[in-house]
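Novice: Could you have a look at this structure, given as structure tokens, before my questions?
The values are calculated or read from the model by the stated rules, or taken from the named source; none is laboratory data. Keep in mind that this is a model prediction, so the values were computed, not measured. With ideal geometry, Cβ positions are generated from the backbone for all residues, glycine too; neighbour counts draw on all protein chains shown.
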Amino acid sequence: MKKTYGIEVDCANCANKMEQAAKDTKGVKDCTVNFMALKMNVEFEDGADEKKVMADVFKNCKKVEDDCEIFI
């Protein structure tokens, strides 16, 4: 399953950090962050609990960029 989320981030480098943090999260098959559109596209692994995975993605993104936001 793929879903798109709105994000708030200050710079392209921060967006890249968020993308990598999301990709490293268990349950995420792939992720792309579009800094210009302020969107995060997440593809979940089969059988993953989307809400739990996104809570983990949010937590991991906050570790690399503490002032980012993901609108879940």
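Novice: Only one residue in 25, 4, 32 is touching a helix residue (DSSP H, G or I) at 6+ places or on another chain (Cβ under 7 Å) and surrounded by fewer than 16 Cβ atoms within 10 Å (Cβ to Cβ), so which one is that?
Specialist: 32
Novice: Given (1) without any contact (Cβ under 8 Å) to a residue 24 or more places away in the chain; (2) surrounded by 15 or more Cβ atoms within 10 Å (Cβ to Cβ); (3) among the acidic types (Asp, Glu), where does residue 65 come up short, assuming only one miss?
Specialist: It is condition (1) that residue 65 fails.
Novice: Right, residue 61: assigned to a strand (DSSP E or B) and either at pLDDT below 95 or in contact with a helix residue (DSSP H, G or I) (Cβ under 6 Å, 6 or more places away or on another chain) (or both) or not? First the steps, then the outcome.
Specialist: Working: assigned to a strand (DSSP E or B): no; either at pLDDT below 95 or in contact with a helix residue (DSSP H, G or I) (Cβ under 6 Å, 6 or more places away or on another chain) (or both): yes.
No.
Novice: Oh, and also: Go through segment 9-42 and give me each residue that's part of a loop (DSSP other than H, G, I, E, B) and touching a residue at least 12 places away in the same chain (Cβ under 8 Å).
Specialist: 9, 10, 11, 24, 25, 26, 27, 35, 38
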